[in-house]
There are 2 protein chains.
Amino acid sequence: MQPMDTREGQSAFCPIFHQAVELIGRRWTGAIIRAMYSGCTRFSDIGHAIPGLSDRLLSERLKELESEGIVTRSVYPETPVRIEYHLTEKGRDLDAVLISISDWSNRWLEPVDQNVELRAPEPIGAG
Amino acid sequence: MQPMDTREGQSAFCPIFHQAVELIGRRWTGAIIRAMYSGCTRFSDIGHAIPGLSDRLLSERLKELESEGIVTRSVYPETPVRIEYHLTEKGRDLDAVLISISDWSNRWLEPVDQNVELRAPEPIGAG
């Protein structure tokens, strides 16, 4: 087995790495951050973008992300009141993480059958 | 709000991105892959590297990673029998993901006390 081609001196365990991966990887959190990245700012838009995500869980995850400083919740006193969610600087800085996961998934995962539009590339040799 | 500085035309939801983030983000999985990246190949070495991870959960996660094609389990018929776990090409290709998460965590997270299991931060005002 060749040594891993990774950063020199990488420790076997790093508490803040663990904290980050558990935070980003919490069920639905990655999908929520991606939806916000793509421009969704309203609760209902985020919810509609993600098949299978209940309002209860979306609300829970948004509160967690707010308490982690990744999302801000803004209330605009209009009629009807307007509430928007935005990624903070800390949240927007997850772009490299999202892109690396997206790239890996495009290289290695097969689209699964879902009743949603698939945007994966054509398999090699297709057509 | 400025549009996100991310890939043009990124969809709000992508099934294979969702699949990847849920896979990598499953509890302990990120830490296990990192430990294997750093060179751990034996069950006991991986287990010892990660504080708070039980043998039962390590076994479960390794089986999942094996079924996903991210880890291989090799049995060497020696006395005593030697069993090693290695990352496959698909697993090693997660390096960019691991590095991006590590970089983000170094920029944004504070080290927490290692002698406690890593979970969500204490509520504000606790204690």
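Just so you know, all these numbers are worked out from the coordinates, no wet-lab data involved. Since this is a predicted model, take the numbers as computed values, not measurements. Backbone-built Cβ (ideal geometry, glycine too); neighbour counts: all protein chains shown.
Couple of notes before you dig in:
- Counting only other chain Cβ atoms within 10 Å of each residue's Cβ, the peptide A:22-32 averages 6.
- Other residues within the sphere of radius under 14 Å centred on the Cβ of B:E84, judged by their own Cβ, net out at 0 (K and R +1, D and E -1).
- Per-residue mean of C-beta atoms belonging to partner chains within 10 Å, peptide A:38-44: 3
- Shortest first, A:S74 label-point distances to identical copies amount to 5.5 nm, with the label point at 7 Å from Cα along Cα→Cβ.
- Site pair A:S11 and A:K63 shows an inter-label distance of 3.3 nm when each label is modelled 7 Å from Cα along Cα→Cβ.
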